[in-house]
Amino acid sequence: MNTYKSSVFDFSDLERVFDDLTVLSPTKCSNYDIIQNKNEQILEIALPGIPKENINIEIDKNRLLITAERIERDVEYTHRTSKFGKTCNTFTIPADIKIENILAEYIDGVLKITLPRGENENKKNVIKII
């Protein structure tokens, strides 16, 4: 393999970096963090201003689908930077996640989904937020 060397960045390391990625991979997303350790992966998504009742989480095979809707209030704004409407985030989950033991909780505008490692049965599930 030909490798380009740069005094700023060693591009030969780039392939190794991508090979080492074993975390959830999103297709579209809000601000999120992924934390992983040997027992689980934890996905934290910022969904401020969205009531828990307006958030839905589904798993179909190896896809985690999170839909949410922030409804615009009927008020007169002097300045607005907040986004309103529906959002849909899809993540591909690794094969070593035990789907039946996934736990979701929503606290202070952050949706935290804990994905424990184990054998994946590749079936469709709906995750209840506690």
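The values are calculated or read from the model by the stated rules, or taken from the named source; none is laboratory data. No experiment lies behind these values; they were computed from the predicted model shown. With ideal geometry, Cβ positions are generated from the backbone for all residues, glycine too; neighbour counts draw on all protein chains shown.
Please pick out the residue among Ile34, Ile71 that is closer than 16 Å to Thr114 by Cα and either at pLDDT 80 or above or loosely packed, with under 13 Cβ neighbours inside 10 Å (or both).
On the way: Ile71 fails: closer than 16 Å to Thr114 by Cα.
Within the list Ile34, Ile71, the selection yields Ile34.
Among the residues making up segment 59-106, those that are among the small types (Gly, Ala, Ser) and more than 15 Å from Val126 (Cβ to Cβ) are Ser82, Gly85, Ala95.
Residue pairs whose Cβ atoms lie under 6 Å apart, separated by 6 or more positions or on different chains, with the first residue in segment 89-102 and farther than 12 Å from Lys61 by Cα and the second not in a strand (DSSP E or B), are Asn89/Cys29.
Of note, Lys124 does not satisfy the criterion of being modelled with pLDDT under 90 and in contact with a Pro (Cβ under 7 Å, 6 or more places away or on another chain).
Right, Arg16: under 14 Å from Ile97 (Cβ atoms) and either exposed (fewer than 14 other Cβ atoms within 10 Å of the Cβ) or at pLDDT 90 or above (or both) or not? Break it down stepwise before answering.
On the way: under 14 Å from Ile97 (Cβ atoms): no; either exposed (fewer than 14 other Cβ atoms within 10 Å of the Cβ) or at pLDDT 90 or above (or both): yes.
When the stated conditions are applied, Arg16 does not pass them.
Flag: Ile107 matches the condition of being within 18 Å of Glu44 (Cβ to Cβ) and surrounded by fewer than 12 Cβ atoms within 10 Å (Cβ to Cβ). So is Ile50 surrounded by 13 or more Cβ atoms within 10 Å (Cβ to Cβ), assigned to a loop (DSSP other than H, G, I, E, B) and touching a residue at least 40 places away in the same chain (Cβ under 8 Å) or not? So Ile50 passes the test. Residues that are in a loop (DSSP other than H, G, I, E, B) and surrounded by fewer than 10 Cβ atoms within 10 Å (Cβ to Cβ) within segment 81-93 comprise just one, Thr81.
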